[in-house]
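Worksheet for the structure shown next.
The values are calculated or read from the model by the stated rules, or taken from the named source; none is laboratory data. Small disclaimer: the values here were computed from a predicted structure and weren't measured. Cβ coordinates were reconstructed from backbone atoms using ideal geometry, including for glycine residues, and neighbour counts include every protein chain displayed. For accessibility, only protein heavy atoms count, side chains too; no ligands or nucleic acids. Shrake-Rupley method; radii C 1.70, N 1.55, O 1.52, S 1.80 Å.
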Amino acid sequence: MKCETLKSVKKNHPEVYRELIGFCKIEDCSEKWLKTPHWVLHHKTPFEVLDESPESVMDLLNTLKRGDFS
């Protein structure tokens, strides 16, 4: 694994890492997603929010997996 951000998530938030890799399938895609701001997270990146609110990141991942944006 070459992505430092992804290594940190795997170490500190293994449940989020599993969901993210399951959703994106590719490490580079996962890394990019972690570093991209999202309006649901108040325009912060999932990586920025992860330590203070891992449940918000998991909720966003689950929403994306379900395709339910209502």
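So how far apart, in nm, are the two label points at Thr63 and Thr5 if each is 7 Å from Cα heading toward Cβ? Going from the Thr63 label point to the Thr5 one covers 1.9 nm. Compared with the direct C-alpha span, the chain from Phe23 to Val40 gains 4.3 nm at full extension, assuming 0.36 nm per residue.
Is it possible to state the helix-based mean residue ellipticity at 222 nm for the chain, with each DSSP H run of 4+ residues giving -39500 (n - 2.57), the sum divided by total residues, to the nearest 500 deg cm²/dmol? What is it?
On the way: 5 runs with 46 residues, N = 70.
One gets -18500 deg cm²/dmol as the mean residue ellipticity at 222 nm.
Partnerless cysteines in the chain, where a partner means another cysteine C-beta under 4.7 angstrom, comprise Cys3. Taking the 1.4 Å solvent-accessible surface of the chain as the whole, the part contributed by carbon and sulfur is 54%.
Can you give the accessible area per residue of the chain, in Å², using a 1.4 Å probe?
Working: 4590 Å² over 70 residues.
Averaged over the residues of the chain, the accessible area is 66 Å².
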